[in-house]
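Input: a single structure, listed below in structure tokens.
Computed from the coordinates by the stated procedures, all read-outs in this text should not be read as laboratory data. Everything numeric here is computed off the predicted structure, so don't read it as measured data.
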Amino acid sequence: MTTYDLDEVEEAFRAYWQAGAVNEDWDAWVELFTEDVTYVEHILGDKHGREEVRAWIKPIMVEFGELYTVYEWHVCDLSERVVVYMQNRRDHPDASQPAIDFPGMTVLQYAGNGRFSLEEDFWSLPEGQRTMKAYVDACAQHDPDHPKKRTRRNWGDGPAWAKGAPTYDQSAGAVSSSG
């Protein structure tokens, strides 16, 4: 068994977080997996291989474009695993109201060369459905066009490297895909 330095695992995790959650550059994010990655998504179904993950992640992130991921904390351990806890967030259409969140947790297995061979996601379907309904109701009351704005107003209290642009249109992923 290969043992990687924890600093290497940490660096790979930050690159993973910045490519996906922060920059929303899903092509760059997928490249941080091994070609034979196993992606375990307990609610939406498992994916096998980098290209199957790419074919799934890009349209789902468009479908739920109002949703963004806010970093809470992570740990790296000597088994080269990373566990990260986050909030799946939708900004309330009334900016004076708190964001509409449901928590999630991801386990990653580091495989070397800046890539991960496993991602396993955990989140609660009832909480996801409850917060989606709350968001839809808030949009109906305050701003029916809010989902199209894809705002990212509150990146939380995490470190600077875990924070993205104030809207999807200003994200690195949107800018790179438009130009």
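Brief remarks on what is shown
- Under 5 Å, built H, 5+ apart or other chain: amide partners of A99: H92
- Segment 108-155 and segment 37-79: distance between their alpha carbon centers, rounded to Å: 11 Å
- Shape call, segment 94-179: gyration tensor on alpha carbons, a/c limit 1.5: oblate
- CD proxy at 222 nm, helix term only [per DSSP H run n ≥ 4: -39500 (n - 2.57); per residue of the chain; nearest 500]: -10000 deg cm²/dmol
- Contact order, relative form, for segment 6-174: 26 percent (alpha carbon pairs under 8 Å, 6 or more residues apart, mean separation divided by residue count).
- Span per principal axis, largest first, for the Cα atoms of segment 1-74 (Å): 38, 26, 22
- Taking amide H as placed 1.01 Å from N in the peptide plane, F33 has its amide H under 5 Å from the amide H of F116, each at least 5 places away in sequence or on another chain.
- Backbone phi angles across segment 89-105, fed through the Karplus curve with coefficients 6.51, -1.76 and 1.60 (θ = phi - 60°), yield HN-Hα couplings of 10, 10, 6, 5, x, 8, 4, 7, 9, x, 4, 10, 10, 9, x, x, 9 Hz in residue order; Gly and Pro are listed as x.
- The phi-based Karplus calculation (6.51 cos²θ - 1.76 cosθ + 1.60; θ = phi - 60°) puts the 3J(HN,Hα) values of segment 173-178 at x, 5, 5, 6, 7, 8 Hz, whole numbers, x for Gly and Pro.
- Overall dimensions of the chain by Cα: Rg and Dmax, Å: 16.3, 56
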